[in-house]
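A short reminder: the numbers here are calculations on the coordinates, not readings from a lab. From a predicted model like this one, the values you see are computed outputs, not experimental measurements. When we count neighbours, we look across all protein chains shown, and the Cβ atoms used for this are built from the backbone with ideal geometry, even at glycine.
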Amino acid sequence: MIDRMLDERLIAHRYKATRLAALVGSVAMSAYLIYGLVAKGTIRWDLFVIMCTMAATKLAATFYYRKTN
């Protein structure tokens, strides 16, 4: 029973689902940010900072994994 719960496929599926959720979340956040900019003419700085943090984290992780592998 434990072997079935700790299968590699489960970990791979969880990784793919988390990656997809982060991608969809960032696209939705950027769409909402652009909508606010176009419709109201204002920038939500909190959303902008979160998007920049997500982008910086993605780039840093990409460079780290590329260097170590």
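Below are the figures for this structure:
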{"quantity": "Cα long-axis angle, helix 8-39 against the chain (0 to 90 degrees, to the nearest 10)", "calculated": "0 degrees"}
{"quantity": "Two-site label geometry, residue 42 and residue 59: point separation in nm, points 7 Å out along Cα→Cβ", "calculated": "2.9 nm"}
{"quantity": "Coarse-grained scattering of segment 2-69 at q = 0.24, 0.26 Å⁻¹, given as base-10 log I(q)/I(0) from a Debye sum over alpha-carbon atoms", "calculated": "-1.04, -1.09"}
